[in-house]
Every structure is written in structure tokens, then in C-alpha cells.
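Since the structure comes first, as C-alpha cells, the remarks are kept for the end.
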Amino acid sequence: MAKVIYLPEKGSEDETEQFGYAFKDGKPTEVTDEKAIAKFRGNRFFKIVGEKSE
């Protein structure tokens with residue numbers, strides 16, 4: 001599991017929904033899907049702030 005934060009470009013909306021997860025106001029969202037985490041990891045608009053081994 002990981003927590004992911006959306007980092008919008010200046011002037012962009014501060015809310016988005018990606019891969020079934022909603023992101024709002026720069027707050028961490030818990031993501032449990034490993035495939036989604038891998039996609040967020042490679043995307044400059046998202047930051048992973050914590051990962052836990054199960």
C-alpha cells in the first residue's frame with residue numbers, strides 16, 4: 001500500500017480522479033492497487049509519500 005499526492009500544474013484543477021482513486025487539495029490518498037502505484041510512480045503529477053510492505 002502507498003499514499004499518493006496529486007501535484008497539479010499551476011493553473012490546473014486541484015482535484016482529479018485517476019485509476020479509480022480521487023485526489024483533492026494535495027492530501028494523500030491511500031492506493032492499494034500495485035498496478036496503479038506503478039503508474040503513479042512514473043508520473044510527474046503524482047508523488048508517493050509512503051509505501052508499506054504487506
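Of all residues in region 3-26, those being surrounded by 12 or more Cβ atoms within 10 Å (Cβ to Cβ), within 9 Å of the chain's Cα centre (by Cα) and not polar (S, T, N, Q) number 7. In region 9-23, which residues are among the charged types (D, E, K, R) and at pLDDT below 95? Within region 9-23, Glu9, Lys10, Glu13, Asp14 qualify.
Within region 1-38, the set of residues being in a strand (DSSP E or B) and in contact with an Asp or Glu (Cβ under 6 Å, 6 or more places away or on another chain) comprises Ala2, Lys3, Lys24.
Scan region 27-46 for residues that are open to solvent by 80 Å² or more (accessible area, probe 1.4 Å), closer than 10 Å to Ile5 by Cα and either touching a helix residue (DSSP H, G or I) at 6+ places or on another chain (Cβ under 8 Å) or free of Cβ contacts under 8 Å to residues at least 24 places away in the same chain (or both) and the total you get is 1.
Checked against the criterion of being among the aromatic types (Phe, Trp, Tyr) and outside any strand (DSSP E or B), region 39-52 has at least one qualifying residue.
The values are calculated or read from the model by the stated rules, or taken from the named source; none is laboratory data. Just so you know, these numbers come straight off a predicted model, no measurement behind them. Positions of Cβ are generated from backbone atoms using ideal geometry, with glycine treated the same way; all protein chains shown enter the neighbour counts. Note: areas computed on protein heavy atoms with side chains; ligands, DNA, RNA excluded. Shrake-Rupley method; radii C 1.70, N 1.55, O 1.52, S 1.80 Å.
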